[in-house]
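In what follows, a single structure is set out as structure tokens and then discussed.
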């Protein structure tokens with residue numbers, strides 16, 4: 001695929017790949033682009049130019065019943081939030097919760113306020 005040879009595959013549970021990289025147990029790892037750990041490491045994210053890895057984009061899903069109950073403003077709000085949820089924004093918020101141990105509710109509130117979504 002990328003012309004690599006003599007590779008050994010080492011399965012790791014999600015979240016363990018960063019310590020494995022730090023220890024030198026693995027040379028490369030599959031990570032999520034929104035992982036909090038990426039804010040604190042000197043790792044290099046490689047581009048998947050052959051599109052081997054699937055995308056895992058955030059997509060809001062709402063039942064028709066809820067949408068009808070909440071009205072059109074609800075969809076506008078959700079779409080407004082979704083438009084601001086960049087990879088960098090999600091990585092930063094994940095770091096605030098996972099690394100800085102802030103409360104998810106507070107991190108979300110700060111995101112909404114910073115983006116004039118409240």
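Here, each number is a calculation from the coordinates, and none is a lab measurement. Owing to the predicted nature of the structure, the values given are computational and were not obtained by experimental measurement. Ideal geometry is used to build each Cβ from the backbone, glycine not excepted, and the neighbour counts take in all protein chains shown.
Miscellaneous remarks
- At the listed q of 0.19 Å⁻¹, the Debye profile of the chain, built from one uniform point per Cα, gives log10 I(q)/I(0) equal to -1.14.
- Highest mean first, the peptides 35-41, 62-68 sorted by other C-beta atoms within 10 Å per residue fall in the order 35-41, 62-68.
- Cβ-Cβ FRET estimate between residue 115 and residue 1, R0 fixed at 35 Å, reported to 0.05: 0.35
- Order by protection proxy (mean Cβ within 10 Å, highest first), peptides 45-54, 105-114, 92-101: 92-101, 105-114, 45-54
- Length-normalised contact order for the chain - Cα pairs under 8 Å, 6+ apart - percent: 30 percent
- Calculated FRET value between residue 70 and residue 32, using beta carbons and R₀ = 30 Å, to 0.05: 0.50
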